[in-house]
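The values are calculated or read from the model by the stated rules, or taken from the named source; none is laboratory data. None of these values were measured; they are calculated from a predicted model. In this analysis, Cβ positions are derived from the backbone assuming ideal geometry, glycine residues included, and neighbour counts consider all displayed protein chains. Please note that ligands, DNA and RNA were not included when accessible areas were found on the heavy atoms of the full protein model with its side chains. Shrake-Rupley method; radii C 1.70, N 1.55, O 1.52, S 1.80 Å.
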Amino acid sequence: MSTEDSFDQLRTRALASLAEARVDAEIDAWRVEWLGRTDGRVTALLRAVREQPQDQRAAFGQAANGLKSALEEALAAKQDDLKRQALAALSTTQAIDVTLPGRPQPLGRLHPVTQTLRDCLKAFQEMGFRVAEGPEVEWAYYNFDAARIPEDHPARDMWDTIWVNTLIDGERKMLLRTHTTPNQVRVMERTPEPPVRVVVPGKCYRQEATDATHEWMLTQIEGLAVDEGVRMSDLKGVLYEFARKMFGQERKVIFHHSYFPFVEPGVEMAMDCFICRGSGAECKTCHGTGWIEILGAGMVHPEIIDNAGYDSAKHTGFAFGIGVERVALLRWGIEDIRNFYQNDLRFLRQF
Ligand code: FA5
């Protein structure tokens with residue numbers, strides 16, 4: 001048999017065995033058997049060229065190289081083929097059916113308290129107040145002392161204040177602020193001279209036995225206006241205008257006298273109860289009073305004006321602290337404030 005014949009036979013065998021390979025591992029085994037760098041059959045033939053008799057060496061070498069190229073080509077074609085088959089399989093098993101309806105992505109929306117907060121701030125911005133912010137973890141000094149709330153005042157009691165357990169000079173001096181009032185002093189400290197006209201929104205925290213109108217975390221908006229000749233009638237005008245913007249003309253507003261150490265005189269403003277329409281009898285929401293309190297307010301105590309470096313003989317001011325959840329309750333007729341932070345989407349989606 002000639003060299004050519006035996007090379008042809010080898011090629012036929014090699015190609016037949018390659019045709020049987022179905023997966024990558026089989027193809028690789030075939031490559032190692034025939035074209036492997038150390039033990040491959042074709043590699044061995046190429047090495048054997050040197051051992052051939054002089055007159056047959058060229059023909060042998062040519063045939064061996066021809067075989068090598070033929071097998072390499074067949075290998076590349078087989079690998080291409082396999083890739084194409086895999087892709088074709090994918091397109092049938094994992095094809096995207098463009099005729100199916102899409103999966104709806106639920107759209108988010110603002111929390112009802114956030115919506116109400118923004119609407120309240122807008123109402124005050126339209127009356128010339130600017131918006132500022134202050135820290136939620138506050139010094140007892142700003143939360144209490146600077147607001148004339150003395151050491152023995154019940155508001156400092158461990159029952160309604162959430163203290164931060166860090167000792168400074170052996171004492172607990174930081175807390176989660178119980179109201180936004182510390183920002184009255186903070187704003188005046190960084191405003192060298194009146195006029196001041198600012199609203200400061202933020203979360204406040206109290207240890208509360210919660211009920212339909214009390215949560216342990218609440219949102220307040222502190223308002224402060226200080227200038228020459230600011231009077232109680234200015235305070236009432238601003239708050240009436242706020243109530244009109246938020247609730248329309250029909251809702252009733254009432255001012256009661258109240259006491260807060262940082263104002264003199266002090267008032268509370270309440271709206272008629274939307275559940276019992278002011279009749280009061282056995283109403284859980286307004287506790288039978290017919291009114292729901294939404295804010296505390298008053299004329300800034302002269303001592304606080306003077307401590308800020310202003311002159312209380314010349315400058316007067318008013319301040320208020322609005323409970324934003326209460327405004328949201330009244331606005332939509334929600335019976336229980338605890339709904340807001342239970343994260344039940346069936347409730348939240350309604351607003
Ligand atoms: C204060 O927090 C005073 N700092 C308000 C103030 C500011 C008075 C400036 C004078 C001048 P009070 O604790 O009443 O006061 O709270 C004010 C408002 O926050 C209440 O009218 C009510 O609307 C809301 N609020 C108070 N406690 C809660 C609570 N636990 N849950 C929900 N809202 C509350």
Handout entry: Residue, least open to solvent (accessible area, probe 1.4 Å), within the stretch 207-223, restricted to residues that are modelled with pLDDT under 95 and among the hydrophobic types (A, V, I, L, M, F, W, C)
Key = ALA212
Handout entry: Sole residue being touching a residue at least 12 places away in the same chain (Cβ under 8 Å) and part of a loop (DSSP other than H, G, I, E, B), chosen from GLN220, GLN207
Key = GLN207
Handout entry: Whichever residue in the stretch 161-173 is in a loop (DSSP other than H, G, I, E, B) and open to solvent by 50 Å² or more (accessible area, probe 1.4 Å) and, among such residues, is nearest to ALA308 (Cα to Cα)
Key = LYS173
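So that you can scan it fast, the table gives a plain yes or no per residue for (1) buried (at least 17 other Cβ atoms within 10 Å of the Cβ); (2) of a type in the set (D, E, K, R); (3) not in a loop (DSSP other than H, G, I, E, B):
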| residue | (1), (2), (3) |
| --- | --- |
| ASP81 | no, yes, yes |
| ALA88 | no, no, yes |
| ARG103 | no, yes, no |
| THR116 | yes, no, yes |
| ASP119 | no, yes, yes |
| GLU151 | no, yes, no |
| MET158 | no, no, no |
| LEU175 | yes, no, yes |
| ARG186 | yes, yes, yes |
Completion exercise
If you go through GLY202, GLY229, the only one that is touching a residue at least 12 places away in the same chain (Cβ under 8 Å), more than 11 Å from the ligand (Cβ to nearest atom) and open to solvent by 30 Å² or more (accessible area, probe 1.4 Å) is GLY229
Exercise for the section: With the condition kept exactly as written, say whether any residue in the stretch 96-107 is among the basic types (Lys, Arg) and not assigned by TED's automatic domain parsing to the domain that holds GLY333. Expected result: yes
Fill in the blank from the handout: For the stretch 329-345, pairs from a residue that is farther than 20 Å from GLU208 by Cα and assigned by TED's automatic domain parsing to the domain that holds ARG251 to a residue that is part of a loop (DSSP other than H, G, I, E, B) and open to solvent by less than 90 Å² (accessible area, probe 1.4 Å), with Cβ under 7 Å and 6 or more apart or across chains, are LEU330/PHE274; TRP332/PHE351; GLY333/PHE274
